[in-house]
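Trainee: The following block contains the structure, expressed as structure tokens.
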Amino acid sequence: MRPIASRALGLARALKGRDAPARALAIADSRRFVRACFLSSAMRTGLLGLMRGGCTFSDLALKSGSARSDRLEAWLAIGVELGELAQRGDRYVVVGRRARALADGNALLTAHYRSMLEYQVGPYADLSDLLGSRPGEGRDDLGLHARTIAEVSLAAAPFIVPFLRTTVSETRPGRALDVGCGTGVYLRALLDADPLIRVEGIELAQEVASETAARLLADGLSDRAEVHTGDVRDWELTSGRAFDLITLCNNVYYFGRDERVALYRRLGGLLARDGRLLVTTMTWPGSTASAHLHFMLCCQAGSAGLPQDGEIEADLALAGFEVLDSQRLVPTEPFFGITARRLATQGATPVSQKRRSPSP
């Protein structure tokens, strides 16, 4: 039998049988998996940045400190087969759309691919151990990868920022608090929404808080913004003045289900009478992304997890809030923005004056 006919016969046999569709899907999954692994490793090693304008193999080996040219060559060959790299003579060039965006320093994609190898595959690889662990035990991805997690969460920023700006425009708060401010993207959105608002942020990770504060100082915004390091659950107001607006953006799910009513009550104690609380979060079930995130959260130490539909509204009511609005912010995902008002009966909190001039 001729080689071509033999290959055709082999292909025909492979496509027969009830498992043929599954095999075809598995092959497609494998290709996607290899691409994700390649790009993730590229971000961890910094190799794409070295090839941004083209680089010879010898220069790449020298700049990367590679002592195993065979391994580097094999890794580069994967990139060429995927179409993320091209080999032109003795030079390697970044050509794929994903790879080019990463080489150009796209922060969101960089964090996305870096997170895959750093912590996203961990819970799946360690599932047997995680299923057998005792209550409260689990991973510490939030502590170990705080910066990457903060950067990955910015995927929702284009949907959250307009929500924040609309609220500021409608309510004209004089003082705002951004809980879990992270990289400061939402803190800045509040500052940009009104030139007279003063904003404070509180962040659990010292390193992230320090970097955010340094950027605000460098940008000349430190007279209107301040970043604290700490846990909002035991943080005390230093100024003695309450806030007109408090935001919880993409972080309520780090608090255990049984802690959230107490958290909302605590935030209510920091709000001025009739002050607003904004909560933005993914819920579950409803999409592959929400199911994945919920699983990742459940694998952390403690009792983190995504809220289910309606949970936040119910908890806010128990905590002494009136829910004013709940809207889907991301059309393709169960991602919501919830606005609640602190009721006067919640407690005696000093009222911060609505401003028409900046606070000193």
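The values are calculated or read from the model by the stated rules, or taken from the named source; none is laboratory data. Keep in mind that this is a model prediction, so the values were computed, not measured. Here Cβ is always computed from backbone atoms with ideal geometry, including for glycine, and neighbour counts include all displayed protein chains.
Trainee: Note down all Cβ pairs under 7 Å where the first residue falls in segment 34-46 and is under 9 Å from MET116 (Cβ atoms), the second is of a type in the set (Lys, Arg) and modelled with pLDDT of 90 or more, and they're at least six residues apart or on different chains.
Mentor: Pairs that qualify, where the first residue is under 9 Å from MET116 (Cβ atoms) and the partner is of a type in the set (Lys, Arg) and modelled with pLDDT of 90 or more, are LEU39/ARG98.
Trainee: Test of understanding: among ALA125, ALA157, which residue is under 20 Å from the mean Cα position of the chain (by Cα) and either more than 23 Å from ALA291 (Cα to Cα) or surrounded by fewer than 21 Cβ atoms within 10 Å (Cβ to Cβ) (or both)?
Mentor: The match here is ALA157.
Trainee: Out of curiosity, is GLY136 under 20 Å from GLN120 (Cα atoms), assigned to a loop (DSSP other than H, G, I, E, B) and in contact with a helix residue (DSSP H, G or I) (Cβ under 8 Å, 6 or more places away or on another chain)?
Mentor: So GLY136 fails the test.
Trainee: So, in segment 191-239, exactly how many residues are charged (D, E, K, R) and either part of a helix (DSSP H, G or I) or in contact with a Phe, Trp or Tyr (Cβ under 7 Å, 6 or more places away or on another chain) (or both)?
Mentor: 6
Trainee: Follow-up question, since we're still on this one. Name the residues in segment 104-145 that are more than 22 Å from LEU204 (Cα to Cα) and of a type in the set (A, V, I, L, M, F, W, C), would you?
Mentor: Selection gives LEU109, MET116, LEU117, VAL121, ALA125, LEU127, LEU130, LEU131.
Trainee: Then there's this: List the helices (runs of 4 or more DSSP H) that sit entirely inside segment 1-70 and contain at least 2 residues that are at pLDDT 85 or above.
Mentor: 20-45, 47-50, 57-64
Trainee: Still on this structure, I have one more. Based on this model, can you work out whether TYR253 counts as surrounded by 18 or more Cβ atoms within 10 Å (Cβ to Cβ), touching a Pro at 6+ places or on another chain (Cβ under 9 Å), assigned by TED's automatic domain parsing to the domain that holds LEU187 and not acidic (Asp, Glu)?
Mentor: Judged against the criteria, TYR253 is a match.
Trainee: Being surrounded by fewer than 22 Cβ atoms within 10 Å (Cβ to Cβ), of a type in the set (A, V, I, L, M, F, W, C) and touching a Leu at 6+ places or on another chain (Cβ under 6 Å) narrows it down to one of VAL261, VAL232, VAL279, so name that one.
Mentor: On inspection, the qualifying residue turns out to be VAL261.
Trainee: Taking the options ARG139, ARG114, name whichever one is in contact with a Pro (Cβ under 9 Å, 6 or more places away or on another chain), crowded, with 16+ Cβ neighbours inside 10 Å and in contact (Cβ under 8 Å) with a residue 40 or more places away in the chain.
Mentor: ARG139
Trainee: Just to be sure, is ARG147 charged (D, E, K, R), closer than 23 Å to VAL252 by Cα and not assigned by TED's automatic domain parsing to the domain that holds LEU277?
Mentor: The answer is yes for ARG147.
Trainee: Is there a residue being touching a strand residue (DSSP E or B) at 6+ places or on another chain (Cβ under 7 Å), basic (Lys, Arg) and in contact (Cβ under 8 Å) with a residue 12 or more places away in the chain anywhere in segment 186-207?
Mentor: Looking for residues that are touching a strand residue (DSSP E or B) at 6+ places or on another chain (Cβ under 7 Å), basic (Lys, Arg) and in contact (Cβ under 8 Å) with a residue 12 or more places away in the chain, one finds at least one in segment 186-207, hence yes.
Trainee: Something else now. Out of all the residues in segment 65-98, which are among the aliphatic types (A, V, I, L, M) and either in contact with a strand residue (DSSP E or B) (Cβ under 7 Å, 6 or more places away or on another chain) or surrounded by fewer than 12 Cβ atoms within 10 Å (Cβ to Cβ) (or both)? Don't jump to the end; show me each part of the working.
Mentor: In the first step, residues of segment 65-98 are kept if they are among the aliphatic types (A, V, I, L, M); the result is 67, 72, 74, 76-78, 80, 82, 85-86, 93-95.
Hits for segment 65-98 are ALA67, ALA74, LEU76, VAL80, LEU85, ALA86, VAL93, VAL94, VAL95.
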